[in-house]
Amino acid sequence: MGELEMVVDILTLFPEMFAGPFDASIIKRAREKGLVEINLINIRDFSWNKHRTVDDTPYGGGVGMVMAAGPLFEAMDWIRTRRGDPGRIILLCPAGRLFNQEVAAELAREKHLVLICGHYEGIDERVAEHLVTDEISIGDYVLTGGELPAMVVVDAVCRLIPGVLGESASAQEESFADGLLEYPHYTRPREYRGYRVPEVLLSGHHEKIRLWRRRQSLLRTLASRPDLLARASLTEEDRKILTSVLEELKS
Ligand SMILES: c1cc(-c2cnc[nH]2)ccn1
């Protein structure tokens, strides 16, 4: 068993939604290795009534229901008694800080995360004001709730935890840690329906292959995500490659 690197407590109304993504592949292996512990906590278990409701009508009137603060505060009390104060208490919501690789790396440094999956028209504001430490959005679209965003965050964060990815994958991680888009990948056969693999990849010339791949990453990033290029950590070699690419485009 590996040393426990991360505990993730997920507060949700639909724990059953998480069966699947966390019971397969890399996250499953990380849990089996004891590197990551993921606990699904049903907010309804902290309901204030025997009907297990956790929402109520909005003060000030209006349509829809609001998720009550009480059950969420009491679920946090329960988590604290079991495991002490979490490093972050994250509310998944459209108004949150946009999630990206940088945020994933920041969260991966924590030992204990709590993710709150909201529902209904909204959550009592006292949760955002007095309970959570971070609000995170996975993009500018409204979903049925915070569960899918929670799965995205857990996936992106857990894969950064030491030991979760295999040696080769984590080595690859290093090469893309500089924020460029990936170079194209090919595997057998050398030709498929007339589509051939680039000759350089068949040459066995490792230095040429490395340069070709780096050039492809820079070209792809320039073409599709110039914003990433502006933020990427480029080497002197990269700048020379980009200069030659731009010269070629001009000619
Ligand atoms: C995070 C949460 C959400 C969301 C939560 N509830 C409805 N949409 C959307 C995007 N990122």
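The values are calculated or read from the model by the stated rules, or taken from the named source; none is laboratory data. Since the model is a prediction, treat every value here as computed from it, not as a measurement. Please note: Cβ atoms are built from the backbone with ideal geometry, for glycine as well, and neighbour counts cover all protein chains shown. Just the protein is used for accessible areas: all its heavy atoms, side chains included, with ligands, DNA and RNA removed. Shrake-Rupley method; radii C 1.70, N 1.55, O 1.52, S 1.80 Å.
Which shape class, rounded, prolate or oblate, goes with segment 95-151 when its Cα gyration tensor gives a ≥ b ≥ c as root eigenvalues, a/c under 1.5 marks rounded, and past that a/b bigger than b/c marks prolate? Present the calculation step by step, with values, prior to reporting the outcome.
Working: a/c = 1.89, a/b = 1.29, b/c = 1.46.
It is oblate, given that a/c is not under 1.5 and a/b is not larger than b/c.
Can you give me the % of accessible surface on the chain that is carbon or sulfur? Probe 1.4 Å, all protein chains present, nothing else counted. List each step's numbers first, then the result.
Details: 7940 of 14690 Å².
Carbon with sulfur: 54 percent of the solvent-accessible area.
ILE38's amide H: which non-local residues (gap 5+, or another chain) put their own amide H closer than 5 Å, with H modeled 1.01 Å from N in plane and none for Pro or chain starts?
Under 5 Å from the amide H of ILE38: VAL8.
Take the chain, compute every pairwise Cα distance, and split them into 10 Å bins from 0; I just need the percent in each bin.
So the P(r) values, bin by bin, are 6, 24, 26, 20, 14, 8, 2, 0.
Could you work out the helix-only [θ] at 222 nm for the chain, with each DSSP H run of four or more residues adding -39,500 (n - 2.57) and the total divided by the number of residues, to the nearest 500 deg cm²/dmol? The partial results should precede the final answer.
Values: 9 runs with 99 residues, N = 251.
Calculated from helices alone, the mean residue ellipticity at 222 nm is -12000 deg cm²/dmol.
What's the extension gain from PHE14 to LEU249 if we count 0.36 nm per residue and subtract their Cα-Cα distance?
Working: separation 235, 0.36 × 235 = 84.60 nm, distance 5.25 nm.
Answer, rounded to one decimal: 79.4 nm.
Please list the non-local residues whose amide H lies under 5 Å from the amide H of LEU115, H modeled 1.01 Å from N, same-chain partners needing a gap of 5 or more.
ASP9, ILE10, LEU11, ILE90
How large is the accessible surface per residue of segment 109-251, computed with a 1.4 Å probe and reported in Å² as a whole number? Before the final figure, lay out the partial values.
Working: 8970 Å² over 143 residues.
So segment 109-251 comes to 63 Å² accessible per residue, rounded to a whole number.
Within segment 114-135, find all residues whose amide N lies under 20 Å from a label point positioned 7 Å from the Cα of TYR59 along Cα-to-beta-carbon.
Within reach of a label on TYR59, which here means backbone N under 20 Å from a point 7 Å along Cα→Cβ, segment 114-135 contributes 119-132.
Using the heavy atoms of the protein chains alone and a 1.4 angstrom probe, what is the accessible area of segment 1-95 per residue in square angstrom?
I get 53 Å² per residue for segment 1-95.
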